[in-house]
Amino acid sequence: MTAVHPLYAAMAPTIFEHMSALAREHGAINLGQGFPDEPPHSDMVAAAARALTEKSNQYPPAFGLPELRAAICGFYARRQGLALAPEQVIVTSGATEALAAALLALVAPGDEVILFQPAYDSYAPVIRRVGGVPVSVALRPPHWRYDAADLAAAITPRTRVLMLNDPLNPSGTVASEAELAMIADICARHDLTAICDEVWEDVRFDDIPHRSLLSFPGMAERAVKIGSAGKIFGLTGWKTGWMCAAPALATALGRAHQFLTFTTPPALQWAVAEGLGRPDDWFAAQRNGWAASRRRLGGALDRAGFNVLPNAATWFLCIDLAASGIALSDRDFSERAVPEAGVASIPVSALFEGDGPRHILRLCFAKDGAVLDEAVARLARFRDRLGADRA
């Protein structure tokens with residue numbers, strides 16, 4: 001019998017794969033997996049097409065095209081006030097690859113890694129695969145605040161890395177300046193390296209510029225900032241991401257990256273470089289479109305009697321099932337809602353290790369307005385049927 005690593009032998013499909021497969025099977029509206037339904041920006045597609053025909057299609061430099069590394073530095077200087085040099089940037093095949101490379105470069109067997117829960121589902125498996133130990137710090141709805149006492153209690157002499165996802169998927173919340181300062185102070189005092197998953201940095205609706213943990217005192221030499229063109233441009237299938245860090249850290253990150261994907265398709269890199277140089281009003285128009293969809297879904301849910309949790313970023317809104325009059329757990333509700341209501345969603349409990357809420361549901365709003373309206377109507381009818389069944 002072929003030997004399989006026990007981590008993967010026992011691993012179930014991701015919740016995103018599972019719910020999307022159910023949606024396809026039942027022809028359901030898919031508000032689970034997060035990707036926009038609108039056509040891609042024609043100018044971004046045109047830039048990639050030009051690059052395919054006019055530029056090289058051979059291996060680009062392992063750490064990324066110089067044009068893209070420079071464009072990333074310019075983008076962050078303009079929009080976040082960060083002073084980065086191109087040698088601090090490593091281009092990756094998506095942010096998930098960047099996360100894996102960072103963990104491979106920074107975590108040794110036996111090292112403990114702080115994970116705030118809920119967490120993107122790739123974090124813990126990769127930590128375990130490299131021999132690290134995930135240590136969970138639970139955040140609590142509805143505001144999902146970072147608590148200094150909870151974080152301090154999780155740190156031991158074996159803690160080496162802290163992972164921070166801000167803005168936070170699945171909740172769509174954003175850490176406050178004070179919370180970020182607290183996390184930076186704890187990292188500095190305990191000599192921790194922070195892996196900062198900031199892929200949603202440019203999908204914010206609170207009119208507050210994103211601030212990276214990398215920019216806080218003491219963090220420049222101990223933070224890895226991860227970004228994603230897929231989220232910035234709504235082109236999730238392009239799988240173009242990057243890591244930014246101090247030169248010594250960046251070198252180690254690049255060494256891990258070179259034995260994962262080695263490079264990323266050059267045409268996409270050239271197109272992303274061109275896109276990052278577009279004026280701020282180009283990005284504002286895109287964000288305004290997403291904001292309109294966010295308002296449409298949030299308003300429809302509210303009018304239908306669903307309790308919508310506070311949200312400031314990402315393509316997602318969360319609802320509190322218990323406060324919406326639904327007694328089912330989020331997993332039971334989401335599983336039943338596909339065949340019975342024709343709507344796919346994501347139960348937040350699937351992104352939570354250990355004790356945590358079992359009544360929060362995530363819905364993607366980056367869809368056509370009529371689709372969002374129909375999805376809410378179906379969910380409301382399903383909720384009403386559940387109530388009638390209990391009566």
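The values are calculated or read from the model by the stated rules, or taken from the named source; none is laboratory data. Everything numeric in this text was worked out from a predicted model, so none of it was measured. Don't worry about glycine lacking a Cβ; one is built from the backbone with ideal geometry, like all the others, and counts go over all protein chains shown. Areas reflect the complete protein model, heavy atoms only, side chains present, ligands, DNA and RNA absent. Shrake-Rupley method; radii C 1.70, N 1.55, O 1.52, S 1.80 Å.
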Might you check whether a residue that is touching a Ser or Thr at 6+ places or on another chain (Cβ under 9 Å) and either surrounded by 18 or more Cβ atoms within 10 Å (Cβ to Cβ) or assigned by the TED database to the domain that holds R50 (or both) occurs anywhere in segment 279-297?
no
Any residue that is over 23 Å from A181 (Cβ atoms), in a helix (DSSP H, G or I) and open to solvent by 20 Å² or more (accessible area, probe 1.4 Å) - is there at least one of those in segment 138-150?
no
Pairs, first over 13 Å from F63 (Cα atoms) in segment 231-257, second charged (D, E, K, R) and not in a helix (DSSP H, G or I), C-beta under 6 Å, six or more apart
I232/D202; A246/E221
The lone exception for F262 - which of (1) outside the structural domain of W315 (by the TED database); (2) at negative phi; (3) over 21 Å from the mean Cα position of the chain (by Cα) it fails
(2)
Tell me whether segment 208-229 contains one or more residues that are open to solvent by 40 Å² or more (accessible area, probe 1.4 Å), under 22 Å from W290 (Cβ atoms), of a type in the set (K, R) and assigned to a loop (DSSP other than H, G, I, E, B).
yes
Just name the residue that is farthest from R385 (Cα to Cα) out of those in segment 327-337 that are in contact with a helix residue (DSSP H, G or I) (Cβ under 8 Å, 6 or more places away or on another chain) and buried (at least 23 other Cβ atoms within 10 Å of the Cβ).
D330
Taking the condition under 21 Å from the mean Cα position of the chain (by Cα), open to solvent by 50 Å² or more (accessible area, probe 1.4 Å) and under 18 Å from A46 (Cβ atoms), does G237 pass?
yes
Tell me which of these A250 doesn't satisfy, since it passes every other one: (1) open to solvent by 40 Å² or more (accessible area, probe 1.4 Å); (2) not in a loop (DSSP other than H, G, I, E, B).
(1)
Within segment 339-356, track down each residue that is closer than 27 Å to Y123 by Cα and not in a strand (DSSP E or B).
S345, V348, S349, A350, L351, F352, E353, G354, D355, G356
